[in-house]
1. Checking A203 against (1) more than 16 Å from the ligand (Cβ to nearest atom); (2) among the aliphatic types (A, V, I, L, M); (3) within 20 Å of R98 (Cα to Cα), only one condition comes out false. Which one?
2. Could you please find all residues in segment 140-160 being over 13 Å from I92 (Cβ atoms) and of a type outside the set (S, T, N, Q)?
3. Against the condition touching a helix residue (DSSP H, G or I) at 6+ places or on another chain (Cβ under 8 Å), of a type in the set (S, T, Y), in contact (Cβ under 8 Å) with a residue 12 or more places away in the chain and over 21 Å from A161 (Cα atoms), how does Y45 come out, does it pass?
4. Write out, first by first residue and then by second, each pair whose Cβ atoms fall under 8 Å of each other, whose residues are 6+ apart or on separate chains, and whose first residue, in segment 227-239, is at positive phi while the second is among the charged types (D, E, K, R) and more than 6 Å from the ligand (Cβ to nearest atom).
5. Take residues that are within 22 Å of R205 (Cα to Cα) and tell me which of the helices (runs of 4 or more DSSP H) falling wholly in segment 25-102 contain 1 or more.
6. Taking segment 48-80 as the search range and keeping residues that are under 28 Å from A24 (Cβ atoms) and acidic (D, E), which one is surrounded by the most Cβ atoms within 10 Å (Cβ to Cβ)?
7. Identify, from the list N216, N198, the residue that is in contact (Cβ under 8 Å) with a residue 12 or more places away in the chain and under 26 Å from A150 (Cβ atoms).
8. Counting only residues that are closer than 30 Å to D57 by Cβ, open to solvent by less than 10 Å² (accessible area, probe 1.4 Å) and not in a strand (DSSP E or B), how many does segment 121-144 have?
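The values are calculated or read from the model by the stated rules, or taken from the named source; none is laboratory data. As the structure is a prediction and not an experimental result, all values here were calculated from the model. Every residue, glycine as well, gets a Cβ built from its backbone with ideal geometry; the counts of neighbours run over all protein chains shown. The accessibility values were calculated without ligands, DNA or RNA, using every heavy atom of the protein model including side chains. Shrake-Rupley method; radii C 1.70, N 1.55, O 1.52, S 1.80 Å.
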Amino acid sequence: MRLPLVAGNWKMNLDLPKARELVANIRADLPAGPIELAVCPPSIYLFPMAKAIADTDLRLGAQDLYHEPNGAFTGEISANMVRETNATYAIIGHSERRHVIGHHEDDRMINLKVRAAQQAELVPILCVGETLAERQAEQTLDVLTYQLGAGLIGCELAGSALVIAYEPVWAIGTGQVATPEQAQEAHAHIRRELARLNGQAAAVRILYGGSVKPDNAREIMAQSDVDGGLVGGASLKADSFLAIARETLAAKSQ
Ligand code: PGA
């Protein structure tokens, strides 16, 4: 039995008062039931958010980290620094880091980051997903195979040590969500690949991300290999984030 996880990826949004208000509103109305919720604020807000959730079951995650333990890497933060904030999770290889920001992270760097996260006893949320051009060229499953194989070299593949997020690039922030069938096909493929890599495929949680909203969450979360969501835009309001959590609970208790 995989405990559903709904994680809010705030990206570079909110200011500190708004972040505190969001967490206060989330913690005031946490759903009762077998589900885990996490917030992933900008790194500069990790410590204050850790304090704001300290006496709750809400989990904390970072949006990225750097793979080296220390050194002359101006502007970066290490896995141990993230761990010091009491974070549980670290998103690694998000599509905006692969395709939008700076020098575009490749699978080799992403692999180093996944390993660094695990060494610091953080649970990486490894993001994988195809671009629109790759989907149109019917390369989706091959892309997922490659990103998993490369991203997970030398990593711990236990269910407690790893979360995967399937995030089709064309669905992120676009309002264009994958159909439940597209999500299930990709998730089932990811689970088969985890098995092939000798992972605890049945125990690893695989989240769907890309324009998850309260009104599309239930159908997606009802898919047998979808174990929750990585939510961007809809995680910036307590109402929509909590509604997605409740839809997930409802879908999984059917
Ligand atoms: P979105 O972002 O929900 O705004 O599409 C998801 C993500 O990037 O994790």
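1. Unmet for A203, out of (1) more than 16 Å from the ligand (Cβ to nearest atom); (2) among the aliphatic types (A, V, I, L, M); (3) within 20 Å of R98 (Cα to Cα): (3).
2. L141, D142, V143, L144, Y146, G149, I153, G154, E156, L157, A158, G159
3. Considered against the rule, which asks whether it is touching a helix residue (DSSP H, G or I) at 6+ places or on another chain (Cβ under 8 Å), of a type in the set (S, T, Y), in contact (Cβ under 8 Å) with a residue 12 or more places away in the chain and over 21 Å from A161 (Cα atoms), Y45 comes out as yes.
4. Pairs that qualify, where the first residue is at positive phi and the partner is among the charged types (D, E, K, R) and more than 6 Å from the ligand (Cβ to nearest atom), are G228/E36; G228/R205.
5. Details: elements: 46-53, 79-84, 95-99.
Output list reads 79-84, 95-99.
6. So the residue we want is D64.
7. The match here is N198.
8. Of the residues in segment 121-144, 2 are closer than 30 Å to D57 by Cβ, open to solvent by less than 10 Å² (accessible area, probe 1.4 Å) and not in a strand (DSSP E or B).
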